[in-house]
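What follows is calculated from the coordinates using simple rules that are stated; it is not laboratory data. Small disclaimer: the values here were computed from a predicted structure and weren't measured. Cβ: placed from backbone, ideal geometry, glycine included. Neighbour counts: every protein chain shown.
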Amino acid sequence: MSATPIPRTLNFALSYLHDISLMTSAPKERLPIVTFHGRYSQTIIQTAIHREHKRGGQIYYLHNNVSTITRKKESLSDLFPFLRIDIAHAQQPKQQLDRTMRQFYSHQIDLIVCSTIIESGIDVSNANTIIIERADKLGLAQLHQLRGRVGRSNHQGYAYLLTPEFGEITADAKKRLEAITQCNKLGSSFELAMQDLEIRGAGNILGTEQ
């Protein structure tokens, strides 16, 4: 099965239409990612960023709205004038995006304000804190992949899943956030996939809509 918790793939396996194998052993010295979800709070953000910077690490700050991402970068620069901050999203020219990610990889950037473009294919062992705004708008598979961008070495990784400061979120969003927070042990992807299956349903295996 896929490393990503996809309900339809899991349903194939549970229906004996695909084989299934589980790999529950984590890489040597890998640590479970400490996962927190709660309301947006500047105090939480400042504490998380200060802690990571103090230990020489780097930070992903996920702000998945391209129209306001520059303003978010400016507000973070005002809060943390001592940090080197830049932006990464899919609407940037390819060369600019490539240059920014190379600079982040080589630790020329301390904090990167980004979209979900970092969801896969990014492996920066020195980046061990991720802050995700509007985590309630993201699917469980996305949250699982995004959390996996940190903790890719023997350093403790932290993931902060933030919801709006005011107002309610949907019942399904609450279930997703509870699931990703509870399933934070190494090798718990299968359990997470099962919860995703319960929340989203199995999908239509043979239908034309699929």
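Only residues that are in a helix (DSSP H, G or I), among the aliphatic types (A, V, I, L, M) and under 21 Å from the mean Cα position of the chain (by Cα) were counted across segment 56-108, and they come to 4.
Of all residues in segment 76-91, those that are surrounded by 12 or more Cβ atoms within 10 Å (Cβ to Cβ), over 15 Å from THR116 (Cβ atoms) and not hydrophobic (A, V, I, L, M, F, W, C) total 3.
Residues of segment 92-107 that are without any contact (Cβ under 8 Å) to a residue 40 or more places away in the chain and either among the hydrophobic types (A, V, I, L, M, F, W, C) or surrounded by 12 or more Cβ atoms within 10 Å (Cβ to Cβ) (or both): GLN92, GLN96, LEU97, ASP98, ARG99, THR100, MET101, GLN103, TYR105.
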